[in-house]
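Below is one structure, written out as structure tokens, with a few remarks after it.
The values are calculated or read from the model by the stated rules, or taken from the named source; none is laboratory data. Predicted model, so just to flag it, every value in this text is computed and none were measured. Here Cβ is always computed from backbone atoms with ideal geometry, including for glycine, and neighbour counts include all displayed protein chains. Heavy atoms of the whole protein, side chains included, go into the accessibility calculation; ligands, DNA and RNA do not. Shrake-Rupley method; radii C 1.70, N 1.55, O 1.52, S 1.80 Å.
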Amino acid sequence: MIDFRSDTVTQPSPYMREAMAKAPVGDDVYGDDPTVNELEAWTAQRHGFEAALFTSSGTQANLLGILAHCQRGDEYLCGQQAHNYKYEAGGAAILGSVQPQPIENNPDGTLCFEKLAAAIKPDDIHFAQTKLLSLENTIGGKVLPLEYLAKARKFVDQHDLLLHLDGARVYNAAVALNVDITEISQHFDSMTICLSKGLGAPIGSLLLGSKAYIERARRLRKMVGGGMRQAGILAAAGKIALTENIERLADDHANAHYLAQQLGQLDGFNTADFPTQTNIVYANVDRKIDLTAIATHLKSQGILFSPSYHPMRLVTHLNVTREDIDTFIKALKQQL
Ligand SMILES: *Cc1c(COP(=O)(O)O)cnc(C)c1O
């Protein structure tokens, strides 16, 4: 199968599976799993935080991340397109009684500071209490500029807010900018990392922050049923994801550029409006083209993409090669 639906579809490599099989494990709810403990300690240190927490998913890491910052009746500022607003089933509101205050994202994925400032609630009994600004990087494949992150830090300091990063794909941002990850992470009070997307682990995310914050998150993780037992089998894969699979993200980005360029040459596909920054390619597709029918047909040839996105969205990852892209373009051409 050639699968462009998401970078979540990556298969663990034989090397990763071997490390998983050999990982020393214990009961992580008792704090006894040496492989989880090592991953959490290493990740915290590597990214400049005091502590880290291994979670079952990015959604869970964001949920715990927001709930460990905010009390019932508090609110967090975020983008209208933010994953932790739009795509996480309203978890922070439902499970934490934390109200989101979304702001329309600028075309580059940033949030306008004037609009954010206007949305901060005054200290008044009528209002929820604004506690947190949550950013996302990359967002829709777009990289937030480093200068913007520095300004966001200044903004939250001025307004006495905390700053969270949904960094599901933060390594795609670091690789695209060609900077060390700490150039990004240094600005945030808390940050998540997805191990199971472009980094190629089968399961798992991390939440990073201060020691006290991670202790609160650990209690919340137990509450939502996220306390895992011999989780070192997964943490072993996560460690390899973070040590072996970072630099190769540049290949995914180069492949995405190539895919955008090839796709943009086909009649009815416009990729020019969506400059590719990382591993996600977008295209406006002529309405006369029946993408659903094409997706069904290509599936029978072992090629998967999601026809339901507008614009069309294709994702490159470690199981997509340049030859796979050529195969896809050729198969697509035959359907036009
Ligand atoms: C995928 C994703 C998540 C959630 O991760 P899951 O592991 O799928 O729950 C959170 N934020 C962003 C930006 C994502 O892309």
How many residues, within segment 1-28, are part of a loop (DSSP other than H, G, I, E, B) and open to solvent by 60 Å² or more (accessible area, probe 1.4 Å)? 5
Test: H310 is in the same structural domain as D252 (by TED's automatic domain parsing), assigned to a loop (DSSP other than H, G, I, E, B) and under 13 Å from R5 (Cα atoms): no
Taking only pairs six or more apart or across chains, which ones have beta-carbon atoms under 7 Å, a first residue in segment 139-153 that is among the charged types (D, E, K, R), and a second residue that is open to solvent by 40 Å² or more (accessible area, probe 1.4 Å) and part of a loop (DSSP other than H, G, I, E, B)? K142/D108; K142/Q277
For segment 183-210, which positions are among the hydrophobic types (A, V, I, L, M, F, W, C) and within 27 Å of K131 (Cβ to Cβ)? I184, F188, M191, I193, C194, L206, L207, L208
Residues that are in contact with a helix residue (DSSP H, G or I) (Cβ under 8 Å, 6 or more places away or on another chain) and near the ligand (Cβ under 10 Å from one of its atoms), drawn from segment 46-64: T55, G58, T59, Q60, N62, L63
Looking only at segment 121-148, count how many residues are of a type in the set (A, V, I, L, M) and surrounded by 19 or more Cβ atoms within 10 Å (Cβ to Cβ). 6
Give E50, E40 a once-over and let me know the one that is farther than 29 Å from F305 by Cβ and in contact with a strand residue (DSSP E or B) (Cβ under 6 Å, 6 or more places away or on another chain). E40
Among the residues of segment 149-164, which ones are of a type outside the set (A, V, I, L, M, F, W, C) and open to solvent by 10 Å² or more (accessible area, probe 1.4 Å)? K151, R153, K154, D157, Q158, H159, D160
Selected residue (criterion: nearest to A250 (Cα to Cα)) from residues of segment 89-120 that are open to solvent by 20 Å² or more (accessible area, probe 1.4 Å) and within 15 Å of the ligand (Cβ to nearest atom): N105
